[in-house]
1. Evaluate segment 185-204: report whether one residue or more is within 30 Å of N73 (Cβ to Cβ), without any contact (Cβ under 8 Å) to a residue 60 or more places away in the chain and of a type in the set (D, E).
2. Assess whether S313 counts as being among the small types (G, A, S) and at pLDDT below 95.
3. I need the full set of residues from segment 202-215 which are surrounded by fewer than 18 Cβ atoms within 10 Å (Cβ to Cβ), in contact with a strand residue (DSSP E or B) (Cβ under 6 Å, 6 or more places away or on another chain) and assigned to a helix (DSSP H, G or I), in order please.
4. Test W323 against the criterion of being in contact with a Phe, Trp or Tyr (Cβ under 8 Å, 6 or more places away or on another chain) and either closer than 24 Å to F42 by Cα or at pLDDT below 95 (or both), and give yes or no.
5. How many residues does segment 184-239 contain that are acidic (D, E) and over 22 Å from L70 (Cα atoms)?
6. Sort out which residues of segment 252-282 are part of a loop (DSSP other than H, G, I, E, B), closer than 21 Å to V319 by Cα and not small (G, A, S), and write them in order of number.
7. If a residue has to be touching a strand residue (DSSP E or B) at 6+ places or on another chain (Cβ under 8 Å), part of a loop (DSSP other than H, G, I, E, B) and of a type in the set (S, T, N, Q) to count, how many in segment 216-251 make the cut?
8. Within segment 38-69, take every residue that is assigned to a helix (DSSP H, G or I) and in contact (Cβ under 8 Å) with a residue 12 or more places away in the chain and give me the one that is surrounded by the fewest Cβ atoms within 10 Å (Cβ to Cβ).
Amino acid sequence: MHRTISLPRRGALLGSLAAVAAFGSGTAPAAVPLATQQAPGFYRHRVGEIEVTALLDGNLAFPDAALPNLFRNYDAAIGTRLKTEAFNAPGGVPLAVNAFLVNTGTRLILVDAGAAAALGPNLGQIPRNLRAAGVALEDIDAIVLTHLHRDHAAGMLTAEGAALFPRAEVLVAEAEAAYWSDSGEETRAPAPLRPFFGPARAVLAAYGSRVRRIGLETEVAPGVRTLAIPGHTPGHLGVHVASGGAQFLMWGDVVHAQSLQFARPDWSISFDSDPDLAARTRSRIFDMAATDRIVVAGSHLAFPAIGHVARRSEGYGFVPAMWRSPL
């Protein structure tokens with residue numbers, strides 16, 4: 001037999017809550033003060049014999065007023081509907097900034113390093129969350145940069161502009177390093193992209209001889225390899241992990257706005273070096289992940305940013321992986 005649960009209407013519910021509050025007003029104050037910050041932002045995921053730890057650097061939001069200029073082909077009516085369906089708070093579209101730590105058992109490989117203070121006070125949590133996960137900066141053997149934008153690479157520097165990671169080798173695509181090092185490319189770049197050149201060069205300079213320029217598809221460690229995910233930047237990389245029959249794809253900046261771009265893969269962001277190619281790549285990666293049921297992780301998906309891509313009547317959707325305590 002099915003039972004129907006009747007919930008009070010909003011007015012009655014608020015009245016009930018007020019009554020409860022009044023009843024408790026004469027009791028002793030709580031012994032535990034309210035928290036002022038969230039628990040550390042790290043989450044572990046097992047891929048066969050390899051462990052991947054998601055690391056939160058912080059959160060940002062794209063203001064609603066900026067969306068028509070930020071996203072090519074943006075339609076305000078569709079965008080408003082998608083934001084409402086995703087329960088986005090009024091005023092903007094949220095995005096996280098994430099990095100990922102790959103532990104092969106013999107090597108610790110950091111994929112991206114966050115923004116430090118380059119994009120405001122809400123970011124820069126990677127070092128704290130690494131420590132909370134039991135990892136020191138000097139433990140990192142290698143850093144793979146999906147690309148050299150500030151929200152992925154500025155976290156590799158101290159406040160004084162020196163290398164933050166004392167012994168890590170830095171792997172970056174040859175095409176990526178060459179592009180951001182080229183003053184001619186800086187001159188020719190669209191205005192929104194020009195501020196990215198100086199910080200990219202600063203990261204390459206700080207790590208000097210520890211920078212290794214690699215091809216688009218390079219084995220980083222057994223079971224860990226880079227792959228080309230073109231369009232966002234000239235050398236934009238993904239990092240693919242395979243072990244024990246399981247697959248895991250860290251796709252960098254395939255998606256910036258989770259609530260918008262899964263449904264509308266054609267909405268490329270203004271930071272894309274090649275918006276048309278980025279849109280085609282996004283559709284291709286979505287199709288591959290949905291068809292092959294590959295677990296994906298995104299730099300700007302809601303933390304811990306791990307889950308699956310599912311086909312929907314309108315484009316695609318993101319299905320977060322269930323939080324698991326046992327590994």
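1. So far as segment 185-204 goes, yes, one or more of its residues are within 30 Å of N73 (Cβ to Cβ), without any contact (Cβ under 8 Å) to a residue 60 or more places away in the chain and of a type in the set (D, E).
2. Details: among the small types (G, A, S): yes; at pLDDT below 95: no.
Against the criterion (among the small types (G, A, S) and at pLDDT below 95), S313 does not qualify.
3. R210
4. Working: in contact with a Phe, Trp or Tyr (Cβ under 8 Å, 6 or more places away or on another chain): yes; either closer than 24 Å to F42 by Cα or at pLDDT below 95 (or both): yes.
For W323, the condition - in contact with a Phe, Trp or Tyr (Cβ under 8 Å, 6 or more places away or on another chain) and either closer than 24 Å to F42 by Cα or at pLDDT below 95 (or both) - is met.
5. Applying the first criterion (acidic (D, E)) to segment 184-239 yields 185-186, 217, 219.
Filter once more, keeping what is over 22 Å from L70 (Cα atoms): 217, 219.
The total comes to 2.
6. Correct list: D253, V254, V255, H256, F262, R264, P265, D266, W267.
7. Count: 1.
8. Looking only at segment 38-69, we keep the residues that are assigned to a helix (DSSP H, G or I), and these are 64-69.
With in contact (Cβ under 8 Å) with a residue 12 or more places away in the chain added as a condition, the list becomes 64, 67, 69.
Details: D64: 16, L67: 19, N69: 10.
Residue satisfying both the conditions and the ranking: N69.
The values are calculated or read from the model by the stated rules, or taken from the named source; none is laboratory data. Note that this is a predicted model, so its numbers are computed, not measured. Positions of Cβ are backbone-derived with ideal geometry, glycine not excepted, and every protein chain shown enters the neighbour counts.
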